[in-house]
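A.B. asks: Handing you a structure now.
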Amino acid sequence: MKIIDKLKKEKISISFEFFPPKTKELEDALFKTIEELKPVNPTFVSVTYGAGGSTREKTRDTVKKIHEETGLTVMAHLTCVGHSREEIRQILEDYKNIGIENILALRGDIPMSFDKKDIPFDGCKYASELVSFIKYNFQDYFCIAVASYPEGHPESPNLERDIYYFKQKVEAGASFSITQMFFDNVYFYDFLDRCEKAGIKIPIIPGIMPITNFNQIRKFASLCGATIPEEVVKLFEKYADNPEETKKTGIEFATKQCEDLLKNGVKGLHFYTLNKSDATIQIYNNIKGLL
């Protein structure tokens, strides 16, 4: 089923992101996590795609297995950097044959090892081109989601330009968007205001990253340009040598963040699970009275 159709029907959507496991042991752990999260009845789940297509087959196999064995609606991430248009078409044709109807269209991070000669001359340079390519070749078969950035994409010169690029993706045919993680809801609300002024009307689902390992999340944030407010840094630095207290604090912080979003009319939450269920389930149980 297309995710946009489910978003239109459901009062508030809950969704989860996973990454493709590298080993059989990690695959078993992931599917244990999925079974633990299934009682939440998520609107959809998604599976990430490595830079330059580095997890292409693992992403495909994970998406296929979730689709065939769990009954969940699954969305495959697809990055265009490093792929020719024919390769992209073949990937999408394969997903269509499997029965996958939902794609998250991304440019993707350019791998450090990439040289300009590694980028196909006939590839898609931007996510908006990938959205257009999917629409042109598959019409309305796929529901296409795109990424959005409350604090602006790290490569955008300013927030106004970032909205311009986001609108290009919407006008190319994107049905909804999932945001990059953020740790101050003001960034998200300001982003929604900019979108409204620009005439962007698709559903925008905030991406929630529970802080269970502060050093890891701080590294993620530095790579994607997400600000961790100073008071949040001080809060978690107190527990630098206490993983259990860090996790407890992270769950409390994410719970408050989600509660504020829901009380301000947000219609969905997308959790970056890092292939683990415990923190996400605890946050869900804390907020389910608002759903």
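The values are calculated or read from the model by the stated rules, or taken from the named source; none is laboratory data. Model, not experiment: these values are computed from the prediction. As a convention, Cβ positions derive from the backbone with ideal geometry for all residues, glycine included, and neighbour counts pool all protein chains shown. With ligands, DNA and RNA removed, areas are computed over all heavy atoms of the protein, side chains included. Shrake-Rupley method; radii C 1.70, N 1.55, O 1.52, S 1.80 Å.
A.B. asks: Less than 18 Å apart at the alpha-carbon level, and either on another chain or at least 8 residues along: which lysines does that give for LYS8?
C.D. replies: Excluding near neighbours in sequence, the set is LYS201, LYS267.
A.B. asks: Relative to the longest principal axis of the C-alpha atoms of the chain, give the angle of the C-alpha long axis of helix 185-197, reported between 0 and 90° and rounded to the nearest 10°.
C.D. replies: It works out to around 40 degrees.
A.B. asks: Next question. Using a 1.4 Å probe, what is the accessible area per residue for the stretch 234-289, in Å²?
C.D. replies: Value for the stretch 234-289: 53 Å² per residue.
A.B. asks: Suppose the chain between ARG85 and ASP190 were pulled fully straight at 0.36 nm per residue; how much longer would it get relative to their current alpha carbon spacing?
C.D. replies: 34.2 nm
A.B. asks: Semi-axes, largest first, in whole Å: what does sqrt of 5 times each Cα gyration tensor eigenvalue give for the chain?
C.D. replies: 28, 22, 20
A.B. asks: Using the beta-carbon distance between GLU259 and GLU68 and R0 = 51 Å, what value does 1/(1 + (r/R0)^6) give for FRET efficiency, to the nearest 0.05?
C.D. replies: Efficiency, from the Cβ-Cβ distance: 0.90.
A.B. asks: Roughly how many Å² of ARG60 are accessible to a 1.4 Å probe, to the nearest 10?
C.D. replies: Roughly 60 Å² of ARG60 is accessible to a 1.4 Å probe.
A.B. asks: Computed over the Cα atoms of the stretch 205-279, what is the convex hull's projected area averaged over all directions, in nm²?
C.D. replies: 5.2 nm²
A.B. asks: Moving on to the next point. Calculate the dipole size of the stretch 151-269 relative to its Cα centre from +1 charges on Lys and Arg beta carbons and -1 charges on Asp and Glu beta carbons; express the result in debye to the nearest 20.
C.D. replies: 340 debye
A.B. asks: Semi-axes of the equivalent ellipsoid of the stretch 37-111: what are they in whole Å, largest first, if each equals the square root of 5 times a C-alpha gyration tensor eigenvalue?
C.D. replies: Result for the stretch 37-111: semi-axes of 22, 13, 10 Å.
A.B. asks: How far is the Cα center of the stretch 200-228 from the Cα center of the stretch 248-282, in Å?
C.D. replies: 12 Å
A.B. asks: Find the accessible area per residue for the stretch 139-213; the probe is 1.4 Å, ligands and nucleic acids are left out, and the unit is Å².
C.D. replies: Computed with neighbouring chains in place, this is 43 Å² per residue.
A.B. asks: With r defined as the distance between the Cβ atoms of LEU291 and TYR239 and R0 fixed at 35 Å, what FRET efficiency is calculated, to the nearest 0.05?
C.D. replies: 0.75
A.B. asks: Cα atoms only, the stretch 1-76: Rg and Dmax in Å?
C.D. replies: Spelled out, the Cα radius of gyration and Dmax of the stretch 1-76 are 12.7, 37 Å.
A.B. asks: In addition: Got a number for carbon plus sulfur as a percent of the stretch 11-114's accessible area, 1.4 Å probe?
C.D. replies: 48 percent
A.B. asks: In 5 Å bins starting at 0, how do the alpha-carbon pair distances of the stretch 115-233 split up by percent?
C.D. replies: Percent of Cα pairs in each bin: 2, 11, 19, 19, 18, 15, 10, 5, 1, 0.
A.B. asks: About its Cα centre, how strong a charge dipole does the chain have in debye, to the nearest 20, once Lys and Arg get +1 and Asp and Glu get -1 at the Cβ?
C.D. replies: Around 520 debye, computed over the chain.
A.B. asks: With a 1.4 Å probe and all protein chains left in place, how much accessible area per residue does the stretch 27-87 have, in Å²?
C.D. replies: On a per-residue basis, the stretch 27-87 sits at 39 Å².
A.B. asks: Using only helices, what value at 222 nm comes out for the chain when you add -39,500 (n - 2.57) per DSSP H run of length 4 or more and divide by the total residues, to the nearest 500 deg cm²/dmol?
C.D. replies: -15000 deg cm²/dmol
A.B. asks: Next question, about the same structure. What figure, in Å² to the nearest 10, do you get for the accessible area of LEU274 with a 1.4 Å probe and non-protein molecules left out?
C.D. replies: 50 Å²
A.B. asks: Calculate how steeply helix 127-138 sits against the longest principal axis of the alpha-carbon atoms of the chain, using the helix alpha-carbon long axis, and give the answer as 0 to 90 degrees to the nearest 10.
C.D. replies: 50 degrees
A.B. asks: What is the ratio of the Cα radius of gyration of the stretch 158-203 to 2.2 N^0.38 Å, with N the residue count, to two decimals?
C.D. replies: So the stretch 158-203 has a normalised radius of gyration of 1.11.
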